[in-house]
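Here the structure comes first, spelled out in structure tokens, and everything after it is commentary.
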Amino acid sequence: MSTTQTYQYPKPLAVVLGKRAALFLFIGVLGFLLVKIVGPVLQTGPEYVVEAAVSGIPLLIAAGCAVSALALAVVHRVRHRAA
């Protein structure tokens, strides 16, 4: 990970994954709200497929990032406690 200034340092992977989880959760919620607002106007059958793609995929990515961040934090604590 590159930094532009000398006093900056790369953040731990758990922090990066946590921030990405928050970002994808935000995108998923915005997509869900967008589909719920625009969906009744369209009144079509494929609305559920679009809703699943727009809000479901970012929510799955957010869940994966969150689980990975938690697992990394637990492993980090266990390694430091053992040392």
| query | Anyone know which of V38, V50, V67 comes out most mobile in the 10 Å Cα GNM of the chain? | reply | V38
| request: Measure nothing fancy, just the Cα-based angle from helix 13-42's long axis to the longest principal axis of the chain, in degrees from 0 to 90, nearest 10. | output: 10
| said: Can you give me the angle between helix 57-82 and the longest principal axis of the chain, using Cα atoms only, in degrees from 0 to 90, rounded to the nearest 10? | reply: 20
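Once the convex hull of the alpha carbons of the chain is built, what does its volume come to per residue, in cubic angstrom?
On the way: hull volume 9.3 nm³, N = 83.
Here the figure is 113 Å³ per residue.
Every read-out reported here was derived from the displayed coordinates using simple, explicitly stated rules and does not represent laboratory data. If you're wondering where the values come from, they're calculated on a predicted model, not measured in any experiment.
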